[in-house]
């Protein structure tokens, strides 16, 4: 006879009923809404870090905490004497703890799905390690007095983390939502169409990466150094480095428009058409902001919006390329069958 307080094994493992329910929620065995939520949270939080990092730079608060890992030699936190710059810089640093917490939750969420979806765990681990690397590079940034080369690396790491999280978002949706699984199923683009689609997607990816990196050189040459004091800047000619920056932009715009035209004319899957439309609209907005900056003395608000747009661009480019590659996989690949199995299991 079992007493009312005894425990019994459940699908989540042995233990108290309440504890088992919490474990089952935080660490599901299939891809649930919670898993998708952690993927979205990871992508948005890393994009937020780009936005707050831009605020640090554009308000001249880059050395608001003049040392690292402490804010000052005597304090781990900012002090009232440091003023608003100290609050802004320290606030940006504390965002790292939120990123770590989300990263841990994401890892826990995908851990028990590792047999069917090992790539989810690899992505979660890569994001977690990337956040640690990002914190270390942030410290180097401060200790080198906002060296523009280091600042550029700091920014690029964030865009890579956004891209990784975007892949996780796309894949967790595909394996757990039946409508997405059907609309993004493998085998929809084959033969010459497959090569064309993947070639255009690859061009978008490479030109997008170059655009983002060269953008850091433009920023490192411009007037917003991140601090009111003497801060080293790139010695490039601002006009020349800006012109170099726009070359891959033109390539990316051309590849996106070409992909969109072919997608609409030949009836590529609806998710691919939608994400290409979104990418095209985002590129037009970013181009307008870029030209406005260039011809109006690089105003702070425009630069901040352009940086936020860069974060969005990293996510949308990744989603576009990932979806093209997903629908152009051979129809018999295991990923397609696994997706269907997970949808049925979750249902």
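The values are calculated or read from the model by the stated rules, or taken from the named source; none is laboratory data. Everything numeric in this text was worked out from a predicted model, so none of it was measured. A quick note on method: Cβ atoms are made from the backbone with ideal geometry, for glycine too, and the neighbour counts reach across all protein chains shown.
Looking at the stretch 141-152, which of its residues are free of Cβ contacts under 8 Å to residues at least 60 places away in the same chain and either part of a helix (DSSP H, G or I) or closer than 29 Å to residue 323 by Cα (or both)?
Selection gives 150 alone.
I'd like the full set of residues that are surrounded by 14 or more Cβ atoms within 10 Å (Cβ to Cβ), out of contact with any helix residue (DSSP H, G or I) (no Cβ under 8 Å at 6 or more places or on another chain) and not in a helix (DSSP H, G or I), limited to the stretch 59-108.
75
Select, from 287, 308, 302, the only residue that is closer than 17 Å to residue 215 by Cα, in contact (Cβ under 8 Å) with a residue 60 or more places away in the chain and surrounded by 15 or more Cβ atoms within 10 Å (Cβ to Cβ).
Checking each option against the conditions leaves just 308.
Considering only the stretch 180-195, state which residues are more than 21 Å from residue 170 (Cβ to Cβ) and assigned to a helix (DSSP H, G or I).
Within the stretch 180-195, 192, 195 meet the criteria.
Being at pLDDT 95 or above and crowded, with 23+ Cβ neighbours inside 10 Å is true for just one of 167, 162. Which residue is that?
None of the other options fit; the residue is 162.
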